[in-house]
Amino acid sequence: MKAVYYLVALKKQKITGLRKRVRFIFFIFIFVSTHSGLFAQKQKPKNESWYDEKLLHFGFSIGFNTMDFNITPSPYCLDPDSVDNYPYPEVAMLKPGINIQIVTNLRPARYFDIRFLPGVSFGQRVVRYYKDTVLYNSHQRLESSYLEFPLLLKYKGERLNNVRPYVISGLNFRYDLAAKKEFDEERPVYIRIKKPDLYFEAGAGLDFYLKYFKLSVELKMSSGMSNIIVNDFVSGQEEFRNSIERMRSQIWIIAFHFE
């Protein structure tokens with residue numbers, strides 16, 4: 001029975017992760033479809049892009065995010081034969097957050113840019129627990145205030161009229177200023193997360209060349225590379241910490257760059 005319940009828990013986790021990836025692929029498809037439609041248009045006068053031809057140029061960015069956790073539950077979750085019988089953890093809902101960044105763009109080659117976008121981002125996640133298919137009243141809101149330092153490589157396609165598609169990938173070091181240092185006695189704190197983490201990022205976007213500046217619309221996935229859960233717990237509530245074997249951060253971002 002222990003193996004059966006563990007497989008059920010893992011299957012539920014994999015289905016949730018698959019749905020998120022399908023949504024991301026769908027958005028990428030929308031970008032590609034938009035790009036394909038643009039190539040069917042006739043040639044139009046191009047807006048000047050002297051700033052885009054410079055070796056180094058700057059800008060700013062504002063975006064919106066949804067923060068998530070990729071949780072691997074303990075093998076003992078939802079196992080009635082286990083003495084511990086830990087509850088099953090999951091992220092309750094995805095809530096919107098905000099990103100603000102400064103854009104520094106280096107152009108070493110015609111189709112490649114190296115981009116450094118230091119900034120801040122804010123968001124939150126709610127982790128809730130099930131036991132014997134019944135929802136616990138216990139849940140925890142985990143708020144994050146990140147300092148972030150992404151270093152990304154941007155590969156650009158050919159410009160058509162005033163639009164250029166691109167793909168982007170790289171690494172982002174984030175430091176969570178809001179991560180808990182100590183357990184809070186005034187409200188439920190069942191788990192704590194680590195402050196630093198390194199993320200792999202990948203996405204796609206479109207550059208729109210307007211009369212006086214360039215507007216880029218970018219969709220990006222950011223996936224944490226380490227287990228960020230802290231290995232401690234409140235006495236008497238260790239089942240909540242022990243129900244999670246591994247937890248990685250995941251963030252979905254839509255950004256608007258002004259350069």
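The values are calculated or read from the model by the stated rules, or taken from the named source; none is laboratory data. These numbers come from a predicted model, not from an experiment. Don't worry about glycine lacking a Cβ; one is built from the backbone with ideal geometry, like all the others, and counts go over all protein chains shown.
Which of the residues spanning segment 101-119 are aliphatic (A, V, I, L, M) and either exposed (fewer than 13 other Cβ atoms within 10 Å of the Cβ) or touching a residue at least 60 places away in the same chain (Cβ under 8 Å) (or both)?
Pass one, segment 101-119, residues aliphatic (A, V, I, L, M): 102-103, 106, 109, 114, 117.
Of everything in segment 101-119, those that are aliphatic (A, V, I, L, M) and either exposed (fewer than 13 other Cβ atoms within 10 Å of the Cβ) or touching a residue at least 60 places away in the same chain (Cβ under 8 Å) (or both) turn out to be I102, V103, A109.
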Considering residues that are basic (K, R), surrounded by fewer than 20 Cβ atoms within 10 Å (Cβ to Cβ) and within 21 Å of the chain's Cα centre (by Cα), the number found within segment 212-259 is 2
Count of residues meeting criterion [out of contact with any Gly (no Cβ under 8 Å at 6 or more places or on another chain) and without any contact (Cβ under 8 Å) to a residue 60 or more places away in the chain] in segment 208-221: 3
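Table: residues versus (1) at pLDDT 90 or above; (2) under 25 Å from R246 (Cβ atoms).
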residue	(1), (2)
D176	yes, yes
K180	no, yes
D184	no, yes
Y190	no, yes
K194	yes, yes
L198	yes, yes
E201	yes, yes
A204	yes, no
L215	yes, no
Subset of segment 195-211 [under 12 Å from the mean Cα position of the chain (by Cα) and among the aromatic types (F, W, Y)]: Y199, F200
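Restricting segment 84-114 to residues that are under 30 Å from E53 (Cβ atoms) and among the basic types (K, R), which is modelled with the highest pLDDT? Don't jump to the end; show me each part of the working.
Restricting attention to segment 84-114, the residues satisfying the condition of being under 30 Å from E53 (Cβ atoms) are 99-114.
When the remaining residues are screened for being among the basic types (K, R), the result is 107, 110.
Details: R107: 95, R110: 89.
Filtering segment 84-114 for residues that are under 30 Å from E53 (Cβ atoms) and among the basic types (K, R), the one modelled with the highest pLDDT comes out as R107.
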Residue match in segment 60-78 (condition: surrounded by 16 or more Cβ atoms within 10 Å (Cβ to Cβ), hydrophobic (A, V, I, L, M, F, W, C) and at pLDDT below 80): yes
